[in-house]
Amino acid sequence: MSNMLKQSFVERLRITRLTQAPSDPWTGPLRHVRGQVGHDGVEGIATDTVFEQLDLPPLKRTPEAAKRLKLLMVDLGWTPVRSRHVTSRGRAARVRGYARLGNGA
């Protein structure tokens, strides 16, 4: 039996993903994105913070850019979330962002 037949389907998908060049120019920088790890071990980052790390100007942060970002972040193991955040004025605001288990696990 060949080595390829011994691997599970999921293992073959992972190998294929790792050997293919990133199709989107954002993929490389997004692999290095790190958020803040909370007391519960969940790493979170706001969408605006991710856009800042990609050096995307505010006028280019369109709904289409957010959809593109979502697809890439999900592919990298992040989950889209909405969370409450207290602003500097003491008001609660809903913030869109991403979460995953701490340290990229």
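So how much slack lies between Val81 and His32, counting 0.36 nm per residue of separation and subtracting their Cα-Cα distance, in nm?
15.7 nm
Taking a straight Cα-Cα cut-off under 18 Å and skipping sequence neighbours fewer than 8 places away in the same chain, the aspartates and glutamates within cross-link reach of Lys70 are Asp24, Glu43, Asp48, Glu52, Asp55.
Calculated FRET efficiency, Leu59 to Ala92, Cβ-Cβ distance, R0 = 25 Å: about 0.35 to the nearest 0.05. Solvent-accessible surface of segment 46-105, averaged per residue with a 1.4 angstrom probe and all protein chains in place: 74 square angstrom. Here segment 28-105 exposes an accessible surface that is 52 percent carbon and sulfur, computed with a 1.4 Å probe and the other protein chains kept in place. On full extension, the segment bounded by Val74 and Ser23 gains 16.9 nm, given 0.36 nm per residue less the C-alpha separation.
Our summary gives segment 14-92 a relative contact order of 21 percent, counting only alpha carbon pairs under 8 angstrom and 6 or more residues apart.
The values are calculated or read from the model by the stated rules, or taken from the named source; none is laboratory data. Not measured: the values here are computed from a predicted model. So basically every Cβ, Gly included, is an ideal-geometry build from the backbone, and we count neighbours across all protein chains shown. Areas reflect the complete protein model, heavy atoms only, side chains present, ligands, DNA and RNA absent. Shrake-Rupley method; radii C 1.70, N 1.55, O 1.52, S 1.80 Å.
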